[in-house]
Amino acid sequence: MLLAGISGILYGTVSIMAKAAYALGSNPFMVTFGRFLTGALCAGLVVCLVQKRSLRLGKKEFLRMIPLALLFGITPTLLYASYQYISSGLSMTLHFTYPVLVMVITAVLNKKRPGLREAVCAVLCTAGVVLLCQLSGGADWRGLALALVSGVTYSAYIVGLDRSGLRELNVMTFIFWLALLSAVEIFILSIPTGNLNLALPPQVWIYYALLGVVAMVGGASLFQVGVRLCGPVKTSLLSTMEPLTGVIVGLAVFHEVLTGRTVAGMVLILLAVLLLTLPIGKKADAST
């Protein structure tokens, strides 16, 4: 649970590097592509030079990686596309329905209702995210659909990760293939949408590399370990540390204004995290 929470915190700092890349002429597609590509390179170097392992996958492992990479790679694309039609606050709120979706999907697949503690935490997290994300602007159905689908694809990735049979695969090898296949996917999608822009200043790749290290080598790998150790439901709930961290980054780095609504959202998420992580009762919940 600690690693899952740290993963959310790392993801929450992504806005710092992303905004720096945007200032140099990049766009959301290129930021995502750069993050995946440099993340794959960094993970590959760790595997080959530090761990002294092979990056090779068996046929079954590679085939299992493909749908995970498709879901993982398409999620930010859908989320960024929704920004064209609705506010980013509304988009993020709809996207962060995925912890609840993970809980529902897991309950259906396991044919078992979620534990009371997890259900209460899901309500607190959802309410906290709604308060943290400023809702404004119109509600175009296309933006609503794209943001909701991004939550669906990410929840499918999380559940699929838990059931992929890749638990024994080295974490950094997993991240290498996940990032590489996702980079290929984003590159292909960027061409017909007109978002492929390779004529950018060389220094933009510094921020892409930072994103690769923080979001992929750090955030994605810790998230995977979190799913392995404490299950998809708790990991997805703890990932709501991401918008909370994003707010803190906005206050500290971008000098955004702290409001009563923001404080209330932060308190609700922290309360949910405490409720989820503190030992209550003699037996751990078996639902996750």
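Membrane-span-like helices in the chain: DSSP H runs reaching 20 Å or more (Cα, own axis), mean Kyte hydropathy at least 1.0? Length and hydropathy pass: 28-45, 116-132, 141-162, 171-193, 260-277.
Here Met1, Met241 are placed in order of increasing Cβ neighbour count within 10 Å, fewest first, which gives Met1, Met241. Three semi-axes describe the equivalent ellipsoid of the stretch 163-268; taken as square roots of 5 times the Cα gyration tensor eigenvalues and ordered largest first, they are 28, 25, 13 Å.
Label sites at Leu2 and Ser15, each approximated as a point 7 angstrom past Cα along Cα to Cβ, lie 2.8 nm apart. The candidate values are (1) 19; (2) 29; (3) 15; the one derived from this structure for percent of Cα pairs over 33 Å apart carries the label (1). Once you have a ≥ b ≥ c as the square roots of the Cα gyration tensor eigenvalues for the stretch 95-208, tell me rounded if a/c is under 1.5, and otherwise prolate or oblate according to whether a/b is larger than b/c. It is oblate, given that a/c is not under 1.5 and a/b is not larger than b/c.
In percent, rounded to a whole number, the relative contact order of the chain is 42, using alpha-carbon pairs under 8 Å and six or more apart. Sorted into 10 angstrom bins from 0, the C-alpha pair distances of the stretch 29-130 split as 12, 26, 31, 26, 5 percent. Descending by average beta-carbon neighbour count within 10 Å, the peptides 32-38, 92-98, 64-70 line up as 32-38, 92-98, 64-70, the highest first. Label separation (Ala252 vs Val104): 3.5 nm, computed from points 7 Å beyond Cα along the C-beta direction. Label-to-label distance for Leu116 and Trp141 is 4.2 nm, based on points extended 7 Å past Cα in the beta-carbon direction. Peptides 118-126, 211-219 ranked from most to least packed by the mean count of surrounding Cβ atoms within 10 Å: 211-219, 118-126. If the chain linking Leu278 and Gln51 were pulled fully straight, counting 0.36 nm for each residue of separation and taking away their Cα-Cα distance, it would gain 78.3 nm.
Computed from the coordinates by the stated procedures, all read-outs in this text should not be read as laboratory data. Here the structure is a predicted model, which is why all the values come from computation and not from measurement. Counting neighbours? That spans all protein chains shown, and the Cβs are built from the backbone with ideal geometry, glycine included.
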